[in-house]
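Student: Could you have a look at this structure, given as C-alpha cells, before my questions?
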Amino acid sequence: LFIVNELKENVRKLEHLIDFYKEISVEDTFIIHIVSIISKIGDNFFELQQDRDLYLSLFYIFYNSILGQGAFAKKYWHFDAATSQKFVGYKLNLDQFCEVYSVAREAINYLARIKLIMNDFGFYLIKRENNDFFFHEEDLLGTTTLRLIKDRLINEIINLQEGIYDEIYDLDIMAEEITDQLKDMGLIWDAIKDQFQILVLNLIVKNAIEMGFLDIEREILMEGVTQSQKLLLSIEGKKLQRKILEGSNKDLNLNILTLIENPK
C-alpha cells in the first residue's frame, strides 16, 4: 500500500510534465514510460527546478534511449527487416533536437549530458561521435545489464573460492560475453555493441570493487585491471584503472562513457 501511495504521489507531482508532453504531441505510451522511470528516481528528481528545459532534457534522453521504447520506437526508429539488427532509422543529435524544439543547446547539454548523468538519477550515457545513447538502471536494458554483471561476478567469486573450472580472469572477455548476451536478447544492436561493451567493462570493475574484490581477491582484480586493453579506450576507463592501481579513493562517475578516438 505504501508503494502504491508513493507512486500516486510522484505521478501527481508530474502532472505539469505530462501536460507539457501532451502539448508537444509525445506518444501516450512514451509518456507513461517516462513517468514510470522518473517516479522510481524519487525525491532527487523533484528537487530539480521543474520547467520546460528539464522536461525537454528528459525528452531528449528518452528520445535517444538505446531501447527506442515501444510505440515511440515504431514511429521514430526502425530496423531493416532483412537484417533485423541494422539500424536504418533516424535520430536527432543535440543540435538538431534543440532546433526542432526551440530550446537552448546549453540547457540540454547541461541537464541531459551532465546534471542528470553526474548525479544519482540512474541514467547512463554513451557518447559516440555526434550522437548520444542513453538508458536507465530501471529500464529493461539497465536492469538486465546490471543483473548479468552481478551474476557473473558472483560466479567468479564461487569459482575462485572452490576452483570448479579453469578460467583465465580476463575482464575484457567477461565484458564481451555479457555484451553478446545482451545482443542475443535483442536489447542492443551491432552498431553500438563495441561501445556498450566498454561501458559494461567499466561497470564490471565498479561492481567488483563494491562487492569487495579488492579485499578478498585483490591480486586477481589488480591483474585483470592491469592487463585490460579496453579500459584504455574511454576517458572514464583510464581514470578507473589509474585509481585502482594508485589506491586512490577518488569518486568517479561511471554512468557516462566518453570514447577516446585515437587511444595510445
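Student: Scan segment 4-45 for residues that are of a type in the set (S, T, Y) and either in contact (Cβ under 8 Å) with a residue 60 or more places away in the chain or in a helix (DSSP H, G or I) (or both) and jot them down.
Tutor: As a first pass, look at segment 4-45 and keep what is of a type in the set (S, T, Y): 21, 25, 29, 36, 39.
Selection gives Y21, T29, S36, S39.
Student: Can you find even one residue in segment 8-16 that is at pLDDT below 85, out of contact with any helix residue (DSSP H, G or I) (no Cβ under 7 Å at 6 or more places or on another chain) and either surrounded by 13 or more Cβ atoms within 10 Å (Cβ to Cβ) or under 23 Å from F133 (Cα atoms) (or both)? Can you show your working first?
Tutor: Pass one, segment 8-16, residues at pLDDT below 85: 8-11.
Subset that is out of contact with any helix residue (DSSP H, G or I) (no Cβ under 7 Å at 6 or more places or on another chain): 8-9.
Cutting the leftovers down to either surrounded by 13 or more Cβ atoms within 10 Å (Cβ to Cβ) or under 23 Å from F133 (Cα atoms) (or both) gives us none.
Checking segment 8-16: not a single residue is at pLDDT below 85, out of contact with any helix residue (DSSP H, G or I) (no Cβ under 7 Å at 6 or more places or on another chain) and either surrounded by 13 or more Cβ atoms within 10 Å (Cβ to Cβ) or under 23 Å from F133 (Cα atoms) (or both).
Student: Moving on to the next point. Quick test of your reading of the structure: S248 fulfils all but one of (1) among the small types (G, A, S); (2) in a loop (DSSP other than H, G, I, E, B); (3) touching a residue at least 40 places away in the same chain (Cβ under 8 Å). Name the failing condition by number.
Tutor: Exception for S248: condition (3).
Student: May I ask you to verify whether S234 is under 24 Å from F62 (Cα atoms), among the hydroxyl-bearing types (S, T, Y) and not assigned by TED's automatic domain parsing to the domain that holds F59?
Tutor: On the way: under 24 Å from F62 (Cα atoms): yes; among the hydroxyl-bearing types (S, T, Y): yes; not assigned by TED's automatic domain parsing to the domain that holds F59: yes.
Yes.
Student: How many residues, within segment 235-253, are crowded, with 16+ Cβ neighbours inside 10 Å and under 18 Å from D170 (Cα atoms)?
Tutor: Residues meeting the conditions: 4.
Student: Kindly indicate which of E223, E261, E236 is assigned to a helix (DSSP H, G or I) and more than 13 Å from L201 (Cα to Cα). Let's see the steps before the verdict.
Tutor: Details: E261 fails: assigned to a helix (DSSP H, G or I); E236 fails: more than 13 Å from L201 (Cα to Cα).
None of the others qualify; the one that does is E223.
Student: Show the residue pairs that are 6+ apart or on different chains and have beta-carbon atoms under 6 Å apart, the first residue being within segment 110-137 and closer than 15 Å to I66 by Cβ, the second being modelled with pLDDT under 85 and not in a strand (DSSP E or B).
Tutor: N131/N93
Student: Give me the residue from segment 200-232 that is farther than 19 Å from Q161 by Cβ and polar (S, T, N, Q) and, out of that set, surrounded by the most Cβ atoms within 10 Å (Cβ to Cβ). Even if it seems obvious, please write down each step before you answer.
Tutor: Of all residues in segment 200-232, those farther than 19 Å from Q161 by Cβ come to 200-203, 205-206, 225-232.
Right, trim to polar (S, T, N, Q) and you get 202, 226-229.
Details: N202: 24, T226: 12, Q227: 13, S228: 22, Q229: 10.
Once the filter is applied, the top-ranked residue is N202.
Student: Going residue by residue through segment 195-208, is there one that turns out to be outside any helix (DSSP H, G or I) and of a type outside the set (K, R)?
Tutor: In the first step, residues of segment 195-208 are kept if they are outside any helix (DSSP H, G or I); the result is none.
No, every residue in segment 195-208 fails to be outside any helix (DSSP H, G or I) and of a type outside the set (K, R).
Student: When you look at Q195, is it within 18 Å of the chain's Cα centre (by Cα) and under 24 Å from L221 (Cβ atoms), yes or no? Steps first, answer last, please.
Tutor: On the way: within 18 Å of the chain's Cα centre (by Cα): yes; under 24 Å from L221 (Cβ atoms): yes.
Judged against the criteria, Q195 is a match.
Student: Among the candidates D184, D190, single out the residue that is surrounded by fewer than 17 Cβ atoms within 10 Å (Cβ to Cβ), over 26 Å from N249 (Cβ atoms), in contact (Cβ under 8 Å) with a residue 40 or more places away in the chain and within 23 Å of the chain's Cα centre (by Cα).
Tutor: Numbers: D184 fails: in contact (Cβ under 8 Å) with a residue 40 or more places away in the chain.
Residue meeting the stated conditions: D190.
The values are calculated or read from the model by the stated rules, or taken from the named source; none is laboratory data. Bear in mind that the values here come from a model prediction, so they are computed numbers and not experimental data. With ideal geometry, Cβ positions are generated from the backbone for all residues, glycine too; neighbour counts draw on all protein chains shown.
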